[in-house]
Amino acid sequence: MPLFAKENAMASTISVKGQVTIPAEVRRLMHLRAGDSVSFVFVSDNRVEMIGSCNPIKRLRGIVPKPSKPVSVAQMQRAVGTGGWR
């Protein structure tokens, strides 16, 4: 069954402030997290598409641990020259 089938429709209510909660399943499928941005595109009179536009660069922060001891530029160059990263 395609993702856009009517059977996959989910509802949300607009708050007094004009806010809508994006259902958890939609956030999971679109890999959206708090702080991510979304865009809305009008595709017809009664239809709007939501496009997730997150910043993957921000999510990379901290992915590589700090070395246990400082490494000099010369040591890095030697490691790169000898394939020491493998």
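The values are calculated or read from the model by the stated rules, or taken from the named source; none is laboratory data. Source: prediction; values computed, not measured. FYI the Cβ positions are ideal-geometry reconstructions off the backbone, even for glycines, and counts take in every protein chain you see.
Observations on the structure shown:
- Boolean, residue 80 is part of a strand (DSSP E or B) and at pLDDT 85 or above: no
- Residue within the range 53-72 that is aliphatic (A, V, I, L, M), modelled with pLDDT of 90 or more and over 22 Å from the mean Cα position of the chain (by Cα) present: no
- Only one of the numbered conditions (1) surrounded by 10 or more Cβ atoms within 10 Å (Cβ to Cβ); (2) within 21 Å of residue 7 (Cα to Cα) is violated by residue 36, and that is (2).
- Residues being under 14 Å from the mean Cα position of the chain (by Cα) and in a helix (DSSP H, G or I) - total across the range 25-52: 4
- Of the residues examined, residue 20 is one that is surrounded by 10 or more Cβ atoms within 10 Å (Cβ to Cβ), modelled with pLDDT of 90 or more and among the aliphatic types (A, V, I, L, M).
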